[in-house]
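Data first, discussion second: the structure below is written as structure tokens.
The values are calculated or read from the model by the stated rules, or taken from the named source; none is laboratory data. Note that this is a predicted model, so its numbers are computed, not measured. Heads up, the Cβs are rebuilt from the backbone with ideal geometry, glycines too, and the neighbour counts pull from every protein chain shown.
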Amino acid sequence: MPTVTEPALKLRQFEAVCRILDRFGRDPMKLIPILQDVQEEYRYLPEEVMTFVATSLGLPPARVFGVATFYSHFAIEPKGKYVVRLCDGTACHVKKSTSILDALYQRLGLSEKNTTTPDLLITVETVSCLGACGLAPVMCINDDVHGQVTPDRAVALIEDIMKEENA
């Protein structure tokens, strides 16, 4: 069976990025939507991809890295297939969102410094506000909002994900 050469692997890796760049006409003024689509493709912004984007747009790599690190929407570290965002705004904090975070960290073997499971299945993040204070404490799993969450309910939701993924 023939092996794939390193340059062929790199080319295949950047095919999706080239399609994204082409869709935006390789316009450096469209850097943010380009990075958004690249992140959608990879679930984060790999360093070599950002360098490729910079070169393709005729921008200094530092500018692309600067944009990627300035906006909290962008991730420069790999994230899980499921991103759990736990609100720690005032209403949620008062209703003990930290105990939910502790339960998630304990169940998944995560910490404040290590927020993604080794299999890249789940990432747990805290956010300042999810805009659903009346449902406090609130947790989002990808685009699904869960209100009045308890530590046990949060762990049950994670267990459901894990069962579904292992089925």
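Of note:
- Scanning the stretch 37-48 for residues that are surrounded by 16 or more Cβ atoms within 10 Å (Cβ to Cβ), part of a helix (DSSP H, G or I) and out of contact with any helix residue (DSSP H, G or I) (no Cβ under 8 Å at 6 or more places or on another chain) returns a single hit, Q39.
- In the stretch 97-118, the residues that are under 14 Å from I158 (Cα atoms) and either charged (D, E, K, R) or outside the structural domain of D144 (by TED's automatic domain parsing) (or both): D102, R107
- Here A167 fulfils each of the conditions (1) modelled with pLDDT under 95; (2) on the phi > 0 side of the Ramachandran plot apart from (2).
- Residue list for the stretch 108-159, filter: at positive phi and out of contact with any Phe, Trp or Tyr (no Cβ under 9 Å at 6 or more places or on another chain): G109, L120, G131, Q148
- Here L110 fulfils each of the conditions (1) under 15 Å from the mean Cα position of the chain (by Cα); (2) surrounded by 15 or more Cβ atoms within 10 Å (Cβ to Cβ); (3) within 13 Å of K79 (Cβ to Cβ) apart from (1).
- Among the residues of the stretch 71-84, those that are surrounded by 17 or more Cβ atoms within 10 Å (Cβ to Cβ) and either assigned to a strand (DSSP E or B) or of a type in the set (G, A, S) (or both) comprise A75, G80, Y82, V83, V84.
- Residue count for the stretch 49-70 satisfying the condition of being exposed (fewer than 15 other Cβ atoms within 10 Å of the Cβ), out of contact with any Pro (no Cβ under 9 Å at 6 or more places or on another chain) and either farther than 28 Å from V127 by Cα or in contact (Cβ under 8 Å) with a residue 24 or more places away in the chain (or both): 2.
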